[in-house]
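These notes are about the structure you will find just below.
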Amino acid sequence: MRQSQLFTKTRKLAPKDEVAKNAQLLIRAGFIHKEMAGAYSYLPLGLRVLTNIENIIREEMNAIGGQEITMTALQSPALWKKSDRWRDDAIDVWFKTELKSGGELGLATTHEEPLTALMAEYISSYKDLPKYVYQFQTKFRNELRAKSGIMRTREFVMKDLYSFSRSEEEFRTFYEQCAAAYVKIFKRVGIGQMTFRTFASGGSFSKYSDEFQTLCDAGEDTVHLHRGKGIAVNKEVYTDEVLADLGIKKEELEEVKAIEVGNIFPLGTRFSDALGLTFKDDKGTEQPVVMGSYGIGPGRLMGTIVEVLSDEKGIVWPKEISPFPVHLISVSSGNADVVGEADRIYELLKENGIEALYDDRDIRAGEKFADADLIGIPTRLVVSEKTMTEGGVEVSGRQNGATAIVSENEVIERIRN
Ligand code: ATP
Ligand code: MG
């Protein structure tokens, strides 16, 4: 894409009321637009990153047998009354609204109830199980505080997967498979080394659950980390009993701030009982389905990556989620030969299936480099009079300043590696 055609522009300053680093940088670089506290729009560059993150999650969920659907955000009170979660004291972040034709409805904060009811129409026998169903779907939550940029918003897309199993044992096997898939996801998006499986409270569903927490000073959570074992314990369940269960000692743990990027939850038969999701086992006995839920917020994940990987010049995107793999910059100072060469490289990249953001704008070189640093694409190609005299294109990385001159013939191979 030619940068001269991109409708967004970089900005020197973020809105005054924006206090979160992730949103400040993403707004300045033109990835997102702040509509109001807790609500952001994703612009062309931002949507590309979000889509890349979603696709990584999608691949890993498909790999463990997930089937993708998408459900409506509109929620009927009748369903949520069955599980006793329509009450505002059961879910304190409900957005509710009234129908013109009379009656109320809710905007989904999560989807256990409607999906359990939906599955009840398809599951009747042990032969129908297990099943794993997920979606990327918009949730609405009336969060009290919205000061963490895109890490805590009042409208956000969640990847929520729900597992439906015949027994506790069958559920546990999948639970561990999903935990392993989460580890792969966080590694692929570039925050594997600083993200830890964390023992946490099970809320109203079960005694415990597992969170995936990324170490970050801007995080809202406090966890006790065992670096040696690569596991952590959330402050809320930091007790002698839990430590003994996990076989770790207080002295071995560090107290750190972290961001919950995902979590996995045993649901037991809480929802299958309430909504009548049962199956006939091989002896013909009616049994409740054993459920689990598995969430990741792609937007929160994107914000977290910006928080932990950016530097004083701007964002640093990991390769797999960068909006473009390559930032091509022409420094022509009006020299038509340089423009011609940069255009040729751009076409060459395209022919080889490599999408580049091509800074073809007629502005000062310093401004182009500052913008490129802010936008954060990991690989940069520069074409200038100087690089042409030296026989090619300059290749450099956003993170380490190392540069090399590469001939036109070698550019593609160089980028692929
Ligand atoms: P928190 O404790 O941070 O409020 P939660 O326990 O309410 O999170 P879940 O309901 O389990 O979160 O949601 C699953 C995932 O969705 C979270 O791990 C997080 O990645 C994401 N998420 C939750 N709330 C928000 C929000 N307000 N904005 C953006 N992402 C969110
Ligand atoms: Mg919450």
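The values are calculated or read from the model by the stated rules, or taken from the named source; none is laboratory data. The structure presented is a predicted model; accordingly, all values stated were derived computationally and were not measured. Cβ placement follows ideal geometry from the backbone for every residue including glycine, while neighbour counts extend to all protein chains displayed. Accessible surface areas use protein heavy atoms only, side chains included; no ligands, DNA or RNA. Shrake-Rupley method; radii C 1.70, N 1.55, O 1.52, S 1.80 Å.
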Expected output for region 28-57 (first residue of a type in the set (S, T, N, Q), partner within 14 Å of ligand 1 (Cβ to nearest atom), Cβ below 7 Å, 6+ apart or cross-chain) is S41/I32
I'd like to know if region 171-179 contains one or more residues that are touching a residue at least 24 places away in the same chain (Cβ under 8 Å), in the same structural domain as E254 (by TED's automatic domain parsing), within 16 Å of ligand 1 (Cβ to nearest atom) and of a type outside the set (A, V, I, L, M, F, W, C).
yes
Name, by its number, the condition in (1) farther than 28 Å from F279 by Cβ; (2) within 15 Å of ligand 2 (Cβ to nearest atom); (3) basic (K, R) that does not hold for K96.
(2)
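Of everything in region 227-245, what is farther than 26 Å from I305 by Cβ and open to solvent by less than 50 Å² (accessible area, probe 1.4 Å)? Give them in sequence order. Spell out the reasoning first.
Let us first name the residues in region 227-245 that are farther than 26 Å from I305 by Cβ, namely 237-245.
Across region 227-245, the qualifying residues are V237, V242, L243.
So how many residues does region 224-267 have that are part of a strand (DSSP E or B) and within 15 Å of ligand 1 (Cβ to nearest atom)?
Of all residues in region 224-267, those part of a strand (DSSP E or B) come to 224-226, 231-234, 254-267.
Now narrow it down to the ones that are within 15 Å of ligand 1 (Cβ to nearest atom): 232, 234, 257-267.
Of the residues in that region, 13 qualify.
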R398 fails exactly one of (1) open to solvent by less than 40 Å² (accessible area, probe 1.4 Å); (2) over 30 Å from K187 (Cβ atoms); (3) modelled with pLDDT under 95, namely (2)
If you go through region 1-36, how many residues are under 20 Å from the mean Cα position of the chain (by Cα) and open to solvent by less than 50 Å² (accessible area, probe 1.4 Å)?
11
If you take the residues in region 134-180 that are touching a Phe, Trp or Tyr at 6+ places or on another chain (Cβ under 9 Å), assigned to a strand (DSSP E or B) and of a type in the set (A, V, I, L, M, F, W, C), which one is farthest from ligand 2 (Cβ to nearest atom)?
F164
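Could you identify the single residue in L253, L275 that is of a type outside the set (G, A, S), touching a His at 6+ places or on another chain (Cβ under 7 Å) and modelled with pLDDT of 95 or more? Break it down into steps so the answer makes sense when it comes.
On the way: L275 fails: touching a His at 6+ places or on another chain (Cβ under 7 Å).
The unique qualifying residue is L253.
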Looking at this structure, is K100 over 25 Å from the mean Cα position of the chain (by Cα) and over 30 Å from K9 (Cβ atoms)?
yes
Can you go through K96, K147 and tell me which one is open to solvent by 30 Å² or more (accessible area, probe 1.4 Å), in the same structural domain as L26 (by TED's automatic domain parsing) and modelled with pLDDT under 95?
K147
In region 99-118, which residue that is open to solvent by less than 40 Å² (accessible area, probe 1.4 Å) and among the hydroxyl-bearing types (S, T, Y) is farthest from ligand 2 (Cβ to nearest atom)?
T116
Name the residue that is nearest to R172 (Cα to Cα), counting only residues in region 86-110 that are assigned to a loop (DSSP other than H, G, I, E, B) and in contact with a Leu (Cβ under 9 Å, 6 or more places away or on another chain).
A108
Among the residues of region 37-80, the number that are closer than 30 Å to S101 by Cβ and assigned to a loop (DSSP other than H, G, I, E, B) is 7
Would you say G262 is small (G, A, S), at pLDDT 95 or above and not assigned by TED's automatic domain parsing to the domain that holds A39?
no
E121 vs. criteria away from ligand 2 (no atom under 12 Å from the Cβ), of a type outside the set (S, T, Y) and over 21 Å from T72 (Cβ atoms)
no
